[in-house]
Amino acid sequence: MKVVRRILSVFCIIILMTMTLVVVPVWAATSSELQKQQDELKKKQQDIRESYDDAKSSANEIQAQQSKVKGKINETNSQLVTLLANVEMIKEEIGTKETEIAKTQKEYDDAVDKEKTLYKAMCQRIKYMYEKGDRTYMDILMKATSFSDLTTKAEYVEQLYEYDRLQLAEYVKAQQAAATEKERLEEEKGELETTKDELGEQEGQLTALLNQYKNEYSDYEVQVAAAKQEAAAYKRQLDQQTAAIASLGNQIKAKKAEEEAERKAAEEAARKAAEEAARKAAEEKKQKELEEKAKEENNRISENSNSENQNSDNSNSENNDTKSQENKKSYQPAGSASPGNVANYACQFVGNPYVFGGTSLTDGCDCSGFVYSVYKAFGITVPRNSYALASAGRGVSYEEAQPGDVIVYPGHCAIYLGNDRIVHASSARTGIKYGYALYRSVTSIRRFL
């Protein structure tokens, strides 16, 4: 029941987690709203990541406990194998003792039978000799031919009695020895049977303990599987959240590009409207001035024409000086070669013209001529075309890009300013201008500092 409850609880967790899976936002009005959604999703992802780490840690802890139980199973199993081997050895020893006991019993029985037979025969000889006149020994003595022969035969008879006595004593001794050996073997057999019973009891204890450990091990297997399923569910959430965050990132970039384009379009429209308004105001002012001059000329008919011409020349000279002053622009020197200096130096030439094949930062240059001349100002020589720039210097990722790096596009190049901004010689219509770094597909990013 404990295992079943554990499995059901894990399934409930997974179902709840599945119900709360990440949904990628489908639309937002501005990049700020998208950024807010992405930040909230990252915060949720951090919470899920912590839960994921906890689930993995829990699985590892359970596996460690399971490994300990596995060690106990192996140890108990080894003890049980040794004990069973000992039981078999005890059984063999008991069998051997039983065989020895049977053999000793037979020896004892044989000794008893022979002792009885010998005793009975000796008693009969004595009885016949002394009570019934048995001539067995008397015939031996009567056949003596001399005293010396009689003495010899008497000694022989005495030896015969001694032989009978010794044989009887020998069989009695064998009988006693067999009885003693049997008693010893019986004791040893009893000890072995007691040891066998004790080992049997130990076997039962070890078997019960082994079954307990196996049940614990199985329970840990279920817990590990549950923890891994929980971690896998969190991992799926993390993957989906990561995909959602990446999708939001792409949406943010696209929305920023769209907003940047709208901003530029608005700026361009405002600039054109301001130019148009200024042009109309200038025309109206000029018209009024012409009308006033016409009136003044009519009123000054009598004035000297030379004086009027002189005044006209002075006025034109002043206008030309003013126009020359407006077109004049000063530039800061390049300074030391550093990412910030390269970026700041390049920005000075925004507004200057684009000239295909040109390398002049003031009179006109193309995209690679702009990059070439900016770096040349710092004493650094870079390739003169975008194709060669794509493999020169040291390549870095967009995430690693820093101000002063060169961003290469298919057939075009620019200088990176940071914060997704660039400066580049764009076209004959727009000249050198600022731009959004990811407005086109990036071929590579090269570093020369």
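The values are calculated or read from the model by the stated rules, or taken from the named source; none is laboratory data. Please read all numbers here as calculations on a predicted model, not as lab measurements. Here Cβ is always computed from backbone atoms with ideal geometry, including for glycine, and neighbour counts include all displayed protein chains.
Side notes on the structure shown:
- Inclusion of residue 44 among residues that are of a type in the set (Lys, Arg), more than 30 Å from residue 213 (Cβ to Cβ) and surrounded by fewer than 17 Cβ atoms within 10 Å (Cβ to Cβ) is warranted.
- Search result, residues across the stretch 320-355 that are at pLDDT 85 or above and among the hydrophobic types (A, V, I, L, M, F, W, C): 337, 342, 343, 346, 347, 349, 350, 355
- Pairs, first in contact (Cβ under 8 Å) with a residue 40 or more places away in the chain in the stretch 420-449, second assigned to a strand (DSSP E or B) and among the polar types (S, T, N, Q), C-beta under 7 Å, six or more apart: 433/426
- Residues that are in contact with a Pro (Cβ under 9 Å, 6 or more places away or on another chain) and either of a type in the set (Lys, Arg) or at pLDDT 95 or above (or both) within the stretch 429-441 comprise 431, 432, 440, listed in sequence order.
- Count - residues of the stretch 342-358 that are buried (at least 17 other Cβ atoms within 10 Å of the Cβ) and either closer than 21 Å to residue 443 by Cα or in contact with a Phe, Trp or Tyr (Cβ under 7 Å, 6 or more places away or on another chain) (or both): 3
- Within the stretch 203-218, not a single residue is more than 46 Å from the chain's Cα centre (by Cα) and either without any contact (Cβ under 8 Å) to a residue 24 or more places away in the chain or exposed (fewer than 12 other Cβ atoms within 10 Å of the Cβ) (or both).
- Residues in the stretch 367-389 that are surrounded by fewer than 19 Cβ atoms within 10 Å (Cβ to Cβ) and either touching a strand residue (DSSP E or B) at 6+ places or on another chain (Cβ under 7 Å) or part of a helix (DSSP H, G or I) (or both): 376, 387, 388.
- When each of 111, 121, 102, 85 is tested for being touching a residue at least 60 places away in the same chain (Cβ under 8 Å) and small (Gly, Ala, Ser), the lone residue that passes is 111.
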